[in-house]
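The values are calculated or read from the model by the stated rules, or taken from the named source; none is laboratory data. Not measured: the values here are computed from a predicted model. A quick note on method: Cβ atoms are made from the backbone with ideal geometry, for glycine too, and the neighbour counts reach across all protein chains shown. Side chains are part of the model used for accessible areas, which takes the heavy atoms of the whole protein and leaves out ligands, DNA and RNA. Shrake-Rupley method; radii C 1.70, N 1.55, O 1.52, S 1.80 Å.
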Amino acid sequence: MINKKIAFAASDSSDAQEAFSDLSTRYPHVPPEDADIIVALGGDGFMLRILHDYKEQLKPIYGMNRGSIGFLMNEYTPDDLPDRLNRAEPVSIRPLQMQATTISGEVLDAIAINDISLFRETQQTAKIKITVDEIVRLQELICDGVLLCTPAGSTAYNLSAYGPIVPIGSDVLCLTPISAFRPRRWRGAILPNSATVKFEVLESEKRPVSACADAFEVRDVVSVEVSLSDTLSLTMLFDPEHDLEERILSEQFAP
């Protein structure tokens with residue numbers, strides 16, 4: 001790991017802060033802005049936050065699990081970190097880009113590594129029209145919400161909504177309804193990652209809907225357009241034995 005500058009970043013949890021204190025004592029480190037590699041200490045949510053925070057600098061992120069599930073994280077051990085970083089294998093992820101228009105006419109842009117999700121804001125169901133590549137595919141989806149996710153996000157909220165799990169290298173996006181009422185038997189779709197999806201909120205003032213790009217939320221949207229970014233690619237680093245592809249495959253057979 002010669003001449004590679006390391007930075008540590010930790011979530012607020014006590015386990016992450018303890019790991020940060022230990023590692024920063026053991027190994028030379030620099031601020032994240034000056035680093036070649038950022039070591040993120042926390043859970044999957046913290047990994048997403050760090051990827052977002054440093055997306056412009058295109059710094060590779062090596063996560064060590066100090067959270068709960070840690071699907072996107074490597075196992076935490078404080079020993080031999082330079083050697084682990086030297087052996088780590090990169091996985092590149094292209095995020096989704098969202099352009100959301102609100103009832104007031106404001107237009108907001110955001111990116112999402114996992115998913116873009118639309119949710120009803122009140123007790124009334126949302127009514128959403130879905131267009132894919134300028135072809136209306138659903139004139140009216142009556143639901144609690146709907147999401148579009150990347151392969152990396154297919155094991156996150158998409159999985160909880162009974163969406164399909166797809167391999168990390170798949171050239172697809174998963175379109176998944178959240179508690180759909182009508183069409184009752186529609187379970188979603190798998191789209192090519194070249195697709196542009198437009199969500200239009202019907203009766204938007206009576207049935208308000210919010211849009212979330214990972215943790216970034218826009219309230220009272222009337223339309224949301226989503227496509228895969230063709231300019232931005234983010235890099236995570238994994239131990240060879242972690243094998244993210246195998247973990248995603250195994251998740252499909254989990255009890």
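Provide the net charge surrounding residue 67, with neighbours chosen by a C-beta distance below 14 Å and charges set as Lys +1, Arg +1, Asp -1, Glu -1. It would help to have the intermediate numbers written out before the result.
Working: positive: 49, 66; negative: 12, 15, 18, 44, 75.
Cβ neighbours under 14 Å give a net charge of -3.
Summing +1 for each Lys or Arg and -1 for each Asp or Glu among the other residues whose beta-carbon sits under 15 angstrom from that of residue 194 gives -3.
Using the Kirkwood radius over C-alpha pairs as Rh, can you work out the diffusion coefficient of segment 144-226 via Stokes-Einstein at 10 °C, viscosity 1.306 mPa s, in µm² per second?
Details: Rh = 13.5 Å.
The estimated diffusion coefficient comes to 118 µm²/s.
Along the Cα→Cβ direction, 7 angstrom out, place labels at residue 121 and residue 76. What is the inter-label distance in nm? A separation of 3.8 nm, rounded to one decimal place.
Basic side chains Lys and Arg get +1 at the Cβ, acidic Asp and Glu get -1 at the Cβ, and with that the dipole of segment 40-122 about its Cα centre reaches some 60 debye.
One Cα centroid belongs to segment 185-255, the other to segment 105-163; the line between them spans 7 Å.
Count neighbours as other Cβ atoms within 10 Å of each site's Cβ, and list the trypsin sites (Lys or Arg not before Pro) in segment 126-224 that are DSSP loop with at most 10 such neighbours. It would help to have the intermediate numbers written out before the result.
Numbers: sites: 127, 129, 137, 184, 185, 187, 198, 206, 219; in loops: 184, 185, 187, 206, 219.
Taking segment 126-224 and a limit of 10 other Cβ atoms within 10 Å, the loop trypsin sites (Lys or Arg not before Pro) found are 184, 185, 206.
Accessible surface for residue 140 stands near 80 Å², nearest 10, in the context of the full protein assembly shown (1.4 Å probe). For the chain, the 222 nm mean residue ellipticity estimated from helices alone, with every DSSP H stretch of n ≥ 4 adding -39500 (n - 2.57) and the total spread over all residues, rounds to -4500 deg cm²/dmol.
Quick check: net charge around residue 151, other residues with Cβ under 13 Å of its Cβ, Lys/Arg +1 and Asp/Glu -1? Before the final figure, lay out each step's value.
Numbers: positive: 94, 247; negative: 115, 171, 245, 251.
Summing Lys/Arg as +1 and Asp/Glu as -1 gives -2.
Here segment 114-255 is treated with +1 on each Lys and Arg Cβ and -1 on each Asp and Glu Cβ, and its dipole about the Cα centre works out to around 900 debye. Ordered from largest to smallest accessible area (heavy atoms of protein chains, 1.4 Å probe), the residues 20, 199, 253 come out as 253, 20, 199.
Rounded to the nearest 20 debye, what is the charge dipole size of the chain about its Cα centre when +1 sits on each Lys and Arg Cβ and -1 on each Asp and Glu Cβ? Mind dumping the intermediate values first?
Values: 23 positive and 38 negative charges, 188 e Å.
About 900 debye.
Relative to the dominant Cα principal axis of the chain, helix 44-53 is inclined by about 90°.
Give me the Kirkwood hydrodynamic radius of segment 107-255, using the inverse of the mean 1/r over all pairs of distinct Cα atoms, in Å to one decimal. Working shown, then result.
On the way: mean 1/r = 0.0629 Å⁻¹.
Across segment 107-255, the inverse of the average 1/r is 15.9 Å.
Would you please calculate the Kirkwood hydrodynamic radius of the chain over all C-alpha pairs and express it in Å, rounded to one decimal? Across the chain, the inverse of the average 1/r is 19.2 Å.
Nearest 0.05, what FRET efficiency do residue 186 and residue 58 give at R0 = 30 Å with Cβ-Cβ as r?
Numbers: r = 38 Å, r/R0 = 1.27.
It comes to 0.20.
Restricting the calculation to Cα atoms, segment 101-173 shows an Rg/Rh of 0.99 when the hydrodynamic-style radius is the Kirkwood one.
Summed over the residues of the chain and divided among them, the accessible surface reaches 49 Å² per residue at a probe radius of 1.4 Å.
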